[in-house]
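Okay, so here's the structure we're looking at.
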Amino acid sequence: MIYGLCLILFLVGFYGIVVKRNLIKIIMGLIIMEYAVHLFIVLVSYQRGGIVPILQEGQSISEFVQLAVDPLPQVLVLTAIIINFGITALVVAIAIRLYEKYGTFDINEIRRLRG
Amino acid sequence: MTNLPVLFVALPLAMGFLYILLLKQRPYVAEIVSVAVTLVLLLLALSLAGAGTFQDGYLVTSFNLPVGGWDIPLGINIFLDGLTVFMLIVVNLVSFAVILYSVNYLQRYTSRTYFYSLILFMLAGMNGMLITGDLFNLFVFLELASVSSYILVSFGVEAEELEAAFKYLVMGAIASALILLAVILVYLVTGTLNMAYAAQFIQEQGMNRALYFAFALFMMGFSLKAALIPFHAWLPDAHPSAPAPISAMLSGVVIKVLGVYAMLRVGFNVFDLGADPVFLNLLLVIGGISMIIGVLLALYQWDIKRLFAYHSISQMGYVIMAVGLGTSLGIAAGLFHLFNHAIFKSLLFLNSGAIEAATGTRSLKKMGGLAKLMPVTGVTSMVGSLSISGVPPFNGFWSKVLIIFAAVLAGRPVYALLAVIGSILTLASFMKVQRYAFWGKSHLSEKKQNSNLEAPLFMKVSMLFLAIFCIFLSFLIVPVLREMILTPAGEDLIRGASGYLARVGIL
Amino acid sequence: MKPDQGMSLIVKTVTCWINSFIFLFGIYVMLFGHITPGGGFPGGVIIACSFILITLAAGKEFALKLFSLDDASVVDSFSIFLFLFIGFLGLILGNYFLQNFMAAGEPFRLPSAGTIVLNNVAIGLKVGAAIFAMFMYLSLFRLDEGEETE
């Protein structure tokens with residue numbers, strides 16, 4: 001169901017990486033793919049009628065435990081986003097440098113190494 | 001004493017940032033400190049190996065440390081067993097040799113401080129992967145090691161290096177996404193991220209479809225990181241393009257820790273598939289194919305580092321195939337070969353770095369006659385070549401013989417035959433390296449032939465150090481040493497999830 | 001601010017007005033991460049955003065005079081030491097690395113989570129400095145190998 005949509009988004013990103021010939025489009029595919037995974041992580045903790053997993057003043061503990069959504073996936077997604085943020089910055093930096101060297105973003109022309 | 005394993009992560013991380021903070025203009029201090037740090041970590045790993053107790057005829061290490069005082073499954077634990085200690089020794093031994101080598105080799109690069117910072121981050125990431133007992137933590141450290149290695153591959157910022165780094169990065173990012181997805185699937189099904197509790201859940205409830213899917217994702221991700229044959233496309237570009245010490249690190253330890261160790265830990269200890277014929281056959285087939293195709297692709301390479309890189313694929317195939325036999329002997333032989341490969345492949349890459357620094361080329365056709373000009377490099381590379389080809393009395397011979405024996409004893413003579421063929425082809429391609437690089441007529445210019453081409457002091461020391469280990473490691477199959485290092489690692493894998501749970505202490 | 005750099009006077013004036021609030025909000029998110037949504041990383045990002053806003057409004061030179069890349073690098077590395085220091089303090093005062101050795105305090109107040117506030121501050125400084133440095137490096141088109149975050 002809704003997990004399937006994540007899978008479709010993942011495959012869209014994967015398609016972008018495999019088929020596109022432009023470095024920037026490949027990077028976008030990468031980002032879409034990672035977003036699909038992040039979306040999946042957040043969905044894992046979804047619960048109908050759930051509340052924020054932060055204890056408010058004057059809230060009863062038992063009600064909080066019953067209603068609050070699982071906070072762990074939200075922490076995990078934050079960590080994953082940070083990591084992917086770093087990777088994206090790095091890949092953009094490499095792409096800029098590649099453009100500097102080759103004068104193009106087309107990977108058909110960036111082929112000094114044999115397959 | 002109980003908190004010492006924290007240093008495996010904290011020390012390199014702290015030192016790496018210390019260089020950026022204080023030592024940007026003084027790389028020589030960073031060099032000394034890096035060598036000291038890796039030496040300390042190596043000694044620490046060895047002392048951990050000695051800290052275990054003898055049980056059932058081998059050394060049992062089991063070390064469970066909750067970080068921050070939160071016990072599992074609430075917190076993250078640091079967990080050491082025989083396999084961890086074994087891998088820690090491999091990683092820190094190779095890193096020590098590589099950093100010692102870099103002291104001289106890196107003189108021609110700018111911003112050397114960053115290099116040492118990054119290599120220490122990579123070391124911290126790998127050590128963290130080894131000592132953690134938590135799946136998500138494993139992923140985080142895997143990313144730390146991967147990101148550092150992406151940057152290190154592109155360290156020279158030349159066109160080829162950037163291209164290889166881009167390819168490596170995209171492949172690595174796909175692998176990371178798959179692994180993250182698998183980790184979350186395990187969390188979704190089992191409700192825990194702790195390896196031991198996940199293993200307990202799987203043992204009690206059995207595997208279901210979601211878990212099989214998660215395991216398939218894990219296998220794909222780790223195979224990408226280990227560059228096994230259907231996923232190998234990035235390795236022959238990334239490994240040769242990096243500076244030689246980084247090639248040695250990447251081929252020597254990174255693909256083993258990020259790929260093989262993680263795959264085995266997850267497959268055997270968490271998913272408890274050590275006796276599952278599908279999993280073992282998968283390992284056997286992937287290993288067998290990697291073994292043969294890797295060496296066949298290596299045969300016609302003329303770029304010396306590229307040739308070595310293809311051999312990494314082939315040798316990792318040996319390890320995976322031996323583990324896939326599923327017998328106690330097979331797993332021990334595979335791990336033994338992993339250790340040996342870490343040593344001789346780093347040695348060979350360091351040699352290629354010395355050759356490249358001296359002659360300015362990586363093409364075998366333009367070398368020749370180097371044995372006379374660079375005696376230390378020549379001799380150590382001869383040792384490395386003979387080791388990797390499996391010629392007695394070097395370490396590669398013993399591990400390959402053990403693998404072949406194990407294959408025959410496990411009733412898989414076809415794979416034994418494949419291992420023999422692979423070994424012969426390896427020998428052939430290293431004959432080529434020796435013939436064209438070190439013997440025969442020299443294609444170098446007159447001026448170079450008369451100058452002193454031998455590598456500087458620390459490079460020589462580092463290469464000799466690894467070459468001595470090539471011979472010394474043969475003694476790892478002597479009973480006492482075997483029971484201290486090799487058997488515990490193999491036993492911890494073959495005892496599967498129940499063994500792991502018993503070590504963690506939650507049965 | 002020199003008049004010939006950056007954007008128009010309107011943008012600069014508005015930036016002057018709101019930037020301090022953005023900065024303050026970043027500090028708030030960073031400090032109250034344990035009792036409200038937020039924490040070190042979002043707080044650090046907001047602080048970095050306030051500097052990026054200055055860069056966009058008043059030009060690179062002004063922003064770099066305010067907070068140079070060397071400063072960013074120093075803050076970046078120093079905050080890691082702060083984090084490790086807290087971790088090892090836990091080892092010395094308690095039993096384990098990163099142990100929460102401070103008193104828990106009463107709920108819903110600022111000192112209510114022991115060392116977590118300090119850790120959040122360390123992470124926030126680190127993230128803020130790193131993101132600002134990354135933005136500057138990428139916009140200056142003069143890349144170095146120090147693209148490491150976290």
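Write down, largest first, the equivalent ellipsoid semi-axes of the protein assembly as shown in whole Å, where each equals the square root of 5 times an eigenvalue of the alpha-carbon gyration tensor.
Semi-axes from the Cα gyration tensor: 42, 33, 24 Å.
Any idea of the total accessible area buried by the B-A contact, 1.4 Å probe, rounded to 100 Å²?
That pair of chains buries around 3300 Å² in total.
Between residue A:62 and residue B:302, what's the calculated FRET efficiency when r is the beta-carbon distance and R0 is 51 Å? Round to 0.05.
After rounding to 0.05, the efficiency reads 0.10.
Apply the Karplus parameterisation 6.51 cos²θ - 1.76 cosθ + 1.60, with θ equal to phi minus 60°, to every residue of region B:448-463 and state each ³J(HN,Hα) to the nearest whole Hz, in sequence, with x for glycine and proline.
Here the 3J(HN,Hα) series is 5, 5, 8, 8, 8, 9, 4, 5, x, 4, 5, 5, 4, 4, 5, 5 Hz.
Report ³J(HN,Hα) in whole Hz for each residue of region A:78-93, in order, from the Karplus equation J = 6.51 cos²θ - 1.76 cosθ + 1.60 where θ = phi - 60°; Gly and Pro get x.
Per residue, the Karplus-derived 3J(HN,Hα) values read 4, 4, 5, 5, 4, 4, 5, 4, x, 5, 5, 4, 5, 5, 5, 4 Hz.
Take the alpha carbon atoms of region B:30-106, find their center, do the same for region C:77-128, and report the distance between the two centers in whole angstrom.
Centre-to-centre distance over Cα atoms comes out at 26 Å.
If I histogram all Cα-Cα distances within region A:2-102 using bins 5 Å wide from 0, what percent of pairs lands in each bin?
Histogramming region A:2-102 at 5 Å steps yields 3, 12, 16, 16, 15, 11, 9, 7, 5, 3, 2, 1, 0 percent.
Between residue B:506 and residue C:95, what is the FRET efficiency for a Förster distance of 35 Å, r being their Cβ-Cβ separation, to the nearest 0.05?
In this case the efficiency is close to 0.95.
Would you list which aspartates and glutamates come within 19 Å of residue B:447, measuring only between C-alpha atoms, while excluding same-chain residues fewer than 8 positions from it?
Of all the aspartates and glutamates, those that pass the test against residue B:447 - Cα under 19 Å, at least 8 places apart if same chain - are B:356.
Which of the trypsin sites (Lys or Arg not before Pro) found in region B:329-413 are loop residues per DSSP with 12 or fewer other Cβ atoms within 10 Å of their Cβ?
none
Find which of B:43, B:70, B:57 sits farthest along the positive direction of the dipole of region B:9-132, computed with +1 on the beta-carbon of Lys and Arg, -1 on that of Asp and Glu, about the Cα centre.
B:43
Residues in region A:6-35, backbone N under 16 Å from the label point at residue C:139 (7 Å along the Cα-to-beta-carbon vector): list them, ranges by number please.
Zone members listed by number: none at all.
So for region A:17-115, averaging the separation of alpha carbon pairs under 8 Å that are six or more residues apart and normalising by length, what relative contact order in percent results?
Worked out over region A:17-115, it gives 34 percent.
Using Cα pairs under 8 angstrom and six or more residues apart, how large is the relative contact order of chain C, in percent?
28 percent
Two decimals is fine: what is log10 I(q)/I(0) at q = 0.10, 0.11, 0.18 Å⁻¹ for chain C, from a Debye sum with one equal scatterer on every Cα and no solvent?
Values, matching the q order: -0.42, -0.49, -1.03.
Using DSSP, restrict attention to beta bridges with both residues in the protein assembly as shown and report what percent are antiparallel, rounded to the nearest 5.
Around 90 percent antiparallel, to the nearest 5.
Add +1 for every Lys or Arg and -1 for every Asp or Glu among the other residues with Cβ under 13 Å from the Cβ of residue B:351, and state the total.
Once all neighbours under 13 Å are counted, the net charge is +2.
Give the distance, in whole Å, between the Cα centre of region B:288-309 and the Cα centre of region B:361-427.
Rounded to whole Å, the Cα centres lie 13 Å apart.
Can you pull the percent of the protein assembly as shown's accessible area that's carbon plus sulfur, 1.4 Å probe, other chains left in place?
The C+S portion of the solvent-accessible surface of the protein assembly as shown is 69 percent.
Give me the percent relative contact order of chain B, please, defined on Cα pairs under 8 angstrom at least 6 residues apart.
18 percent
Within chain C, how many Lys pairs sit with Cα atoms under 17 Å apart, leaving out pairs fewer than 8 places apart on the same chain?
Within chain C, the lysine pair count is 5.
Debye calculation, C-alpha points only, no solvent: report log10 I(q)/I(0) for region B:4-504 at q = 0.09, 0.10 Å⁻¹, in the same order as the q values.
-0.56, -0.70
Which of the listed residues, A:50, A:90, A:3, is farthest toward the dipole's positive end in region A:2-102, when Lys, Arg count +1 and Asp, Glu count -1 at the beta-carbon?
A:90
Mind checking which aspartates and glutamates have their Cα closer than 16 Å to the Cα of residue B:256? Skip sequence neighbours fewer than 8 apart in that chain.
B:143
Using alpha-carbon positions, what is the distance between the centroids of region B:127-185 and region A:1-70, in Å?
21 Å
Residue B:388: net charge of surrounding residues, Cβ under 14 Å, Lys/Arg +1, Asp/Glu -1, itself excluded?
With Lys, Arg at +1 and Asp, Glu at -1, the neighbours total +3.
Hey, rough spin-label estimate for residue A:104 and residue B:209, points 7 angstrom out along Cα→Cβ, what's it come to in nanometres?
Result for the modelled spin labels: 4.7 nm.
Please find the FRET efficiency linking residue B:443 to residue A:46, where r is the Cβ-Cβ separation and R0 is fixed at 60 Å, and quote it to the nearest 0.05.
With a Förster radius of 60 Å, E is 0.35.
Accessible area, 1.4 Å probe, largest first: how do B:111, B:117, C:20 sort?
Largest to smallest exposure gives the sequence C:20, B:111, B:117.
The values are calculated or read from the model by the stated rules, or taken from the named source; none is laboratory data. Just so you know, these numbers come straight off a predicted model, no measurement behind them. Cβ sites come from the backbone with ideal geometry, for glycine too, and all protein chains shown count toward neighbours. Please note that ligands, DNA and RNA were not included when accessible areas were found on the heavy atoms of the full protein model with its side chains. Shrake-Rupley method; radii C 1.70, N 1.55, O 1.52, S 1.80 Å.
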